[in-house]
């Protein structure tokens with residue numbers, strides 16, 4: 001048993017020797033970790049282990065003993081306390097294989113003479129998500145597919161993996177104090193964030209640079225915020241220059257010849273996150289500063305300082321009080337009235353105060369969807385889904401004149417504003433003359449085919465909302481940065497699948513060649 005175990009640890013023994021040691025000869029003494037492991041596994045005293053090595057080292061080094069499979073149980077029991085394992089990864093050469101190398105002639109082992117910084121732009125098949133936890137990229141794709149296809153939460157991804165894939169009955173990876181076979185929700189979220197950021201950097205050919213000295217929950221905030229800002233600026237990369245046979249047509253009728261018509265549908269869906277009750281704090285930076293200040297005031301330093309100020313104020317008021325003798329009589333009679341003046345004060349209507357004892361959430365998420373199903377952009381409506389906010393959203397998304405095409409606003413000079421068929425028939429009254437005259441979809445002949453049927457799917461946004469709204473239970477407790485990061489990635493995954501579907505069905509998806517907006 002001793003000889004078999006020592007033979008299996010030959011590489012570990014060489015690793016602890018100095019660079020000048022000749023690997024063809026066994027070392028005189030074993031490293032302390034190897035001695036303690038052999039002592040525990042073979043149930044021998046330390047002196048006995050050293051004695052066995054001095055006698056059998058030549059035979060062990062010559063490879064006269066085989067490593068039996070039954071020895072693997074001893075590794076499982078005694079490997080972790082001594083930092084050893086049954087299977088190890090070592091280079092194929094112990095010394096430089098070049099026969100003309102000076103190190104080979106001198107008998108020196110390989111050593112690292114200098115360091116070189118190397119950047120690897122490829123994507124590994126395995127990703128480290130925590131200490132002692134590595135995830136295969138096939139599992140990463142499975143979790144992301146579950147999230148965007150069936151709106152599965154990270155908690156349910158955890159349960160499904162632990163039930164179906166963790167293989168709890170296996171003893172190959174026994175649970176220890178360093179790691180467990182089961183995963184937690186934090187592992188799923190770490191996987192999602194890390195892999196999404198790595199994919200984003202791989203697409204943009206840049207490095208993912210994150211801090212190594214902060215907590216895990218704050219480590220990727222800056223990188224996530226940068227990606228969110230790029231998404232708000234350039235919108236979804238697969239949809240912003242997209243066109244196909246379902247969302248774009250060449251319209252010719254009467255005097256109109258070869259008119260290019262592209263359609264988008266805008267609608268809101270209730271998917272919210274916790275926000276500030278102050279309407280002025282509508283941007284993420286203000287909300288973050290408000291939250292940081294609230295957290296700061298809850299700490300003991302500020303609370304004790306506030307108590308000290310209150311105590312000093314009370315002492316100052318008491319010091320200003322003049323206490324007279326008991327025989328001085330009533331001071332009320334000595335009060336001197338300097339002057340009186342009457343004012344006619346009109347009491348206005350008191351403003352009714354209303355207290356809010358619940359969380360305040362954003363109003364909705366506004367989506368711009370093209371009739372083929374591609375999601376063009378998303379924006380958070382904090383207080384209301386107002387006409388002005390939606391118009392500003394459209395201006396921002398289609399600020400490039402090549403991207404957009406008769407109202408008082410010059411921006412909408414070549415844009416027809418129509419209500420989709422479903423909302424026009426169900427949500428607007430026939431007595432509403434403004435909508436009947438200006439927003440009736442029947443007034444836009446380019447939306448119809450020759451047989452009178454609608455050419456474009458104006459209900460694309462409603463169909464998308466039925467999918468997008470299922471994320472509301474998942475995102476309600478998220479902070480703004482993670483909220484935007486998660487939904488942007490879900491939309492990106494959906495656009496990827498939708499693009500594949502359009503290619504399969506022969507809709508000829510393509511991109512506008514004239515547009516040259518910067519990449520996301």
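Tell me, which residue of the stretch 392-410 that is crowded, with 16+ Cβ neighbours inside 10 Å and touching a helix residue (DSSP H, G or I) at 6+ places or on another chain (Cβ under 9 Å) is modelled with the highest pLDDT?
If we take residues in the stretch 392-410 being crowded, with 16+ Cβ neighbours inside 10 Å and touching a helix residue (DSSP H, G or I) at 6+ places or on another chain (Cβ under 9 Å), then 394 is modelled with the highest pLDDT.
Kindly indicate which of 196, 271 is part of a loop (DSSP other than H, G, I, E, B), in contact with a helix residue (DSSP H, G or I) (Cβ under 6 Å, 6 or more places away or on another chain) and crowded, with 18+ Cβ neighbours inside 10 Å.
Residue meeting the stated conditions: 271.
Conditions (1) at pLDDT 80 or above; (2) in the same structural domain as residue 248 (by TED's automatic domain parsing); (3) within 26 Å of residue 494 (Cβ to Cβ); (4) not in a helix (DSSP H, G or I), marked per residue:
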residue: 435; (1), (2), (3), (4): no, yes, no, no
residue: 446; (1), (2), (3), (4): no, yes, no, no
residue: 450; (1), (2), (3), (4): no, yes, no, yes
residue: 464; (1), (2), (3), (4): yes, yes, yes, no
residue: 468; (1), (2), (3), (4): yes, yes, yes, no
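State all residues of the stretch 36-64 that are surrounded by fewer than 17 Cβ atoms within 10 Å (Cβ to Cβ) and part of a loop (DSSP other than H, G, I, E, B); if no residue qualifies, say none.
Residues satisfying the conditions are 43, 45, 62, 63, 64.
Which of (1) at pLDDT 85 or above; (2) in contact with a helix residue (DSSP H, G or I) (Cβ under 7 Å, 6 or more places away or on another chain); (3) over 21 Å from residue 225 (Cβ atoms) does residue 485 not meet, given it meets every other one?
(3)
The values are calculated or read from the model by the stated rules, or taken from the named source; none is laboratory data. Small disclaimer: the values here were computed from a predicted structure and weren't measured. Positions of Cβ are generated from backbone atoms using ideal geometry, with glycine treated the same way; all protein chains shown enter the neighbour counts.
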